[in-house]
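Below you'll find the structure, written out as structure tokens, and then a few comments.
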Protein chains: 2
Amino acid sequence: MAVTLKEVAERAGVSRSAVSRTFTEGASVSARTRAKVEKAARELGYSPNALASSLTTGRTKLIGLVSNNFHNPIFLEVFDLFTRGLQERGLRPLLVNLSDEVDPAQSIRMLRQYSVDGVIVASSTLPPSFAEAFRDAGLPVVHSFGRYTTSPYVHVVGIDNIACGRMAAEALVARGHRRVAFLGGPPRATSTQDRERGFLEALGGYSDVEVSVTHAAAYSFDAGRAEMARLLRAPPAEAYFCGDDVLSIGALSAISDAGLRVPDDIGIIGLNDMTMARWQNIDLTTIRQPLGEIIGSSIDLVIATIEDPGRHPETRLFPCRVIERGTLRPIPR
Amino acid sequence: MAVTLKEVAERAGVSRSAVSRTFTEGASVSARTRAKVEKAARELGYSPNALASSLTTGRTKLIGLVSNNFHNPIFLEVFDLFTRGLQERGLRPLLVNLSDEVDPAQSIRMLRQYSVDGVIVASSTLPPSFAEAFRDAGLPVVHSFGRYTTSPYVHVVGIDNIACGRMAAEALVARGHRRVAFLGGPPRATSTQDRERGFLEALGGYSDVEVSVTHAAAYSFDAGRAEMARLLRAPPAEAYFCGDDVLSIGALSAISDAGLRVPDDIGIIGLNDMTMARWQNIDLTTIRQPLGEIIGSSIDLVIATIEDPGRHPETRLFPCRVIERGTLRPIPR
DNA sequence: ATTCATTTTGCAACCGGTTGCAATATTCTT
DNA sequence: AAGAATATTGCAACCGGTTGCAAAATGAAT
């Protein structure tokens, strides 16, 4: 079916090695042979079999892109950036949908069978142990959107969720709120734990501020809406830091159903700044997570680790900032 | 690094073929050798190299999943279903992000280099010629969300966009609207063309109904909002069929900004029924496209075509239906 | 126990490439 | 023009598997 090296060699009247070399960066071929080979290749429509060559070179240029977040709209942006970024660097994303799977063993086996050069775990809800299992299997791995650690065992790229929690706290206090709350995602998600911790930590410094904490069952609209609806049955806080934008939008929906107004009756600040947060009918004040940088850096890091497998694990955190929109009242002056 | 067949063979004290056979479905191995091999494999942590075996078997179980829709939230659902569906059938999605690329040549070359077994083009905006180029390159291909043709040149799985246009028209007329309009996506998208055609066709039967047509620049919130804002500068129609849900949501935003009410002042019906359409703060009346069926069927079809490359191209269309929510007034009775 | 049919097994060639090495060709010195 | 240095080329082995074929082993039948 497909044209092979051998056929090109025969047509060009050269050895197979010569053909291989013309298609290998930096190999030694004379201009004359190269021309002959390229002509033959063009006529035959030849392009080298990446998989066959991977057998000897040990590189497939395949990167496992593993995620379990197929329901949060921000992950469409994440996949867009990852696939584009990988493609630009000549790498191919082999997408793995973890759905409800939490045991890495299966994915590891599969990704090794396909000899991926590296793995990117893109998830804010998987525990560190998940990515670590890949590393233990000898695969270069980067955990994007993972948890910050001072002595990381795998590469982590993301944001400082604790600092974000603090930032949210300061934002609410600065706006004069004195009864605030955290409406977090699932308690098992490390991102939720850290955001909560930072939030409480910062508010510990304000003795006149009252804080409470609750959790939604998932990072989802429905969960956010249900939890806010529940909260509204008792007198609610003045302002909420929601664990994530999609949760915020759910909360906003519940608030509006209850006939309350944002930001006058209740203030909301989210986290992520997904595209939808900018939509004028949502207009969510939120903490922006620099997706582009996180993803670009993740890719660079996985490449660096492929080139130097002994590389020491590192954590790369990118700064976030508050994006002012309409769900939090302005800072009084 | 990785354990090879040879090492397992040595440890088990059998030939390499024996090992290969124990891992090949339906090959002839005695229970005794199989046991020995499996033991050795387990001890060594061996799992066969899928790429190496693809060299001789001619199958990689890799499927190219090609799309250019990385901004429409419904495509997150699409990727979720595709990746899960493929995984369940033992196939691996190699994701290709076309972004602005419209020339298939590059993608074709890449996918052939990786010897994908088949290709799924998941896009409602790419022209039929795009998928056809894959077929011409000898790759089994299915165009999901593609255009219906009576004599297809490639497999197409999707919905009957013309029928959907008609369905939307009937829905508006049934609700007593007499001044209606189509707010389409980009005019070059075949889905837009067909939906428009069906819409106009059906309304041709009602001499007392006034119709108009405009187009948004893209299937996006911003484009829908901008176009509706423009429309509102003149007296608008009573009800709009928007080319897609995300467009509808943009339109709703413009309508609400203008101080008009839905469905009292203006009615909206969308198309897709993406998750977000159900969100209570959107509550969009829309035409549901059966994603699960379309995607399941696409996968089955690409598999069937891999097994029988001579298979005659076919079109599979799935019925859509109107989902009643809050953006269209009820049918008067 | 012998013969014959049926499994099981290993050999060796092959899939489509790459690469170390030695042979050959080319270019540069003097 | 001869010799040395450098560049190019082809051979052959290898990457990690699969598979047709013939030999060896097993089992059934007589």
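Rule-based calculations on the coordinates, nothing more; no lab input. The structure displayed is predicted, hence computed values, not measured ones. As a convention, Cβ positions derive from the backbone with ideal geometry for all residues, glycine included, and neighbour counts pool all protein chains shown.
Numbers below:
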quantity: Per-residue mean of C-beta atoms belonging to partner chains within 10 Å, peptide A:93-101; calculated: 5
quantity: Where only alpha carbons of the stretch B:161-289 are counted, the Rg and the Dmax (Å); calculated: 13.0, 36
quantity: Most fluctuating residue given options A:Leu81, A:Leu51, A:Leu200, as computed from a GNM of chain A linking Cα atoms under 10 Å; calculated: A:Leu51
quantity: Label-point separation, B:Phe318 to A:Ala217 (7 Å along Cα→Cβ), nm; calculated: 2.6 nm
quantity: Helix A:190-203 axis, angle to chain A major axis (alpha carbon atoms, nearest 10°); calculated: 40 degrees
quantity: The stretch A:19-29 - phi-based ³J(HN,Hα) in whole Hz, Karplus 6.51/-1.76/1.60, Gly and Pro as x; calculated: 5, 4, 5, 5, 9, 10, 3, x, 8, 8, 9
quantity: HN-Hα J in Hz across the stretch B:152-166 - Karplus 6.51, -1.76, 1.60, θ = phi - 60°, x for Gly and Pro; calculated: x, 9, 10, 5, 10, 10, x, 10, 8, 5, 5, 4, 5, x, 5
quantity: Rg followed by Dmax, in Å, when chain A is reduced to its Cα trace; calculated: 25.2, 86
quantity: The stretch A:10-102: C-alpha gyration tensor shape, a/c 1.5 cut-off, then a/b vs b/c; calculated: prolate
quantity: Copies compared at B:Pro290 - label distances in nm, ascending, label defined 7 Å from Cα in the Cβ direction; calculated: 4.8
quantity: Inter-copy separations for B:Asp100, label at 7 Å along Cα-Cβ, nm, ascending; calculated: 4.3
quantity: Relative packing of peptides B:166-173, A:89-96 - highest average C-beta neighbours within 10 Å first; calculated: B:166-173, A:89-96
quantity: Calculated SAXS-style log₁₀ I(q)/I(0) at q = 0.08, 0.09, 0.10, 0.12 Å⁻¹ - the protein assembly as shown, Debye, Cα scatterers; calculated: -0.70, -0.86, -1.02, -1.31
quantity: Nm distances between copies for A:Thr24, ranked from closest, using label points 7 Å along Cα→Cβ; calculated: 3.0
quantity: With Cα atoms, 0 to 90° folded angle of helix A:74-88 axis to chain A main axis; calculated: 20 degrees
